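Here is the structure we will look at.
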């Protein structure tokens, strides 16, 4: 019975959430926006040319905690699609249509409760990882500051035993939304460089240990972003004889 209950808990992460708490107009808008964003990224994503650096660091033989920056969500969602990866989603209007967008790509969404918020979502993610699912964290989300690692991913890795896998994706052409992080949506036929870092385990779950591992993750993601940005600029310059990211 406990195994069946655990399985049901994990399966719920892949279902759309109930929207009864929203007005009729907002329910329509959440459904429409999530569907529109899915088709936009799916259609454009089919034209994106990917180059992967550090692919030897990635494995699907064990659960992983994928870590990246919030403003790369659209392209990262397309790149890692159909792997059953579980992500955290808060209970808000914006988060709900994003959750539906990523669920259509085969992801699970762990939502916080109205009273326990991120703690409730983190518990769901720990259970999912222990059940064999990988998870992903936009480590500076959901509201920033941009490019500053928060502790959630390290805590998940410590409690679940899964390895952290940091990565960065950079695009040569994208639309940038007026959000706190300037979220990037790829333009058709964009080039994307994916740089995957070495995975590592969090061996010390104490406060001091998590702080050290958080610093390690910050340094890794800063370096990976520098490398992916530099690589895409080099590819763009080589192809066009100069130029920069739009």
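The values are calculated or read from the model by the stated rules, or taken from the named source; none is laboratory data. Worth saying up front: this structure is predicted, and the values here are computed from it rather than measured. Cβ coordinates were reconstructed from backbone atoms using ideal geometry, including for glycine residues, and neighbour counts include every protein chain displayed.
What are the residues in segment 106-138 that are buried (at least 20 other Cβ atoms within 10 Å of the Cβ), assigned to a loop (DSSP other than H, G, I, E, B) and at pLDDT 95 or above, if any?
107, 133, 134
Among the numbered criteria (1) in a loop (DSSP other than H, G, I, E, B); (2) over 19 Å from the mean Cα position of the chain (by Cα), which one does residue 15 miss?
Condition (2) is where residue 15 drops out.
What single numbered condition from (1) at pLDDT 95 or above; (2) more than 10 Å from the chain's Cα centre (by Cα); (3) over 21 Å from residue 195 (Cβ atoms) fails to hold for residue 86?
Of everything listed in (1) at pLDDT 95 or above; (2) more than 10 Å from the chain's Cα centre (by Cα); (3) over 21 Å from residue 195 (Cβ atoms), residue 86 misses just condition (2).
Any residue at all in segment 166-176 that is within 15 Å of residue 64 (Cβ to Cβ) and in contact with a strand residue (DSSP E or B) (Cβ under 9 Å, 6 or more places away or on another chain)? Full working, then the answer.
Within segment 166-176, the first condition is being within 15 Å of residue 64 (Cβ to Cβ), and the residues that meet it are 166-167.
Pick out the ones that are also in contact with a strand residue (DSSP E or B) (Cβ under 9 Å, 6 or more places away or on another chain) and you get 166-167.
The answer is yes, given that some residue of segment 166-176 is within 15 Å of residue 64 (Cβ to Cβ) and in contact with a strand residue (DSSP E or B) (Cβ under 9 Å, 6 or more places away or on another chain).
Taking segment 154-179 as the search range and keeping residues that are in contact with a helix residue (DSSP H, G or I) (Cβ under 7 Å, 6 or more places away or on another chain) and in a helix (DSSP H, G or I), which one is nearest to residue 222 (Cα to Cα)?
154
Please indicate, with yes or no, whether at least one residue in segment 153-169 is surrounded by fewer than 23 Cβ atoms within 10 Å (Cβ to Cβ), in contact (Cβ under 8 Å) with a residue 12 or more places away in the chain and over 28 Å from residue 10 (Cβ atoms).
Looking through segment 153-169, none of the residues is surrounded by fewer than 23 Cβ atoms within 10 Å (Cβ to Cβ), in contact (Cβ under 8 Å) with a residue 12 or more places away in the chain and over 28 Å from residue 10 (Cβ atoms).
Matching residues to (1) modelled with pLDDT under 90; (2) farther than 20 Å from residue 47 by Cβ:
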position	(1), (2)
148	no, yes
154	no, yes
176	no, no
186	no, no
209	yes, yes
237	yes, yes
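Within segment 40-53, which residues are touching a residue at least 40 places away in the same chain (Cβ under 8 Å), part of a loop (DSSP other than H, G, I, E, B) and surrounded by fewer than 17 Cβ atoms within 10 Å (Cβ to Cβ)?
Within segment 40-53, just 47 meets the criteria.
Quick one: in segment 54-76, which of the residues that are assigned to a loop (DSSP other than H, G, I, E, B) and closer than 10 Å to residue 134 by Cα is modelled with the lowest pLDDT? Talk me through it step by step, then tell me what you get.
Applying the first criterion (assigned to a loop (DSSP other than H, G, I, E, B)) to segment 54-76 yields 54, 58-63, 69.
Subset that is closer than 10 Å to residue 134 by Cα: 60, 62-63.
Details: 60: 85, 62: 93, 63: 96.
So, considering only residues that are assigned to a loop (DSSP other than H, G, I, E, B) and closer than 10 Å to residue 134 by Cα, the one modelled with the lowest pLDDT is 60.
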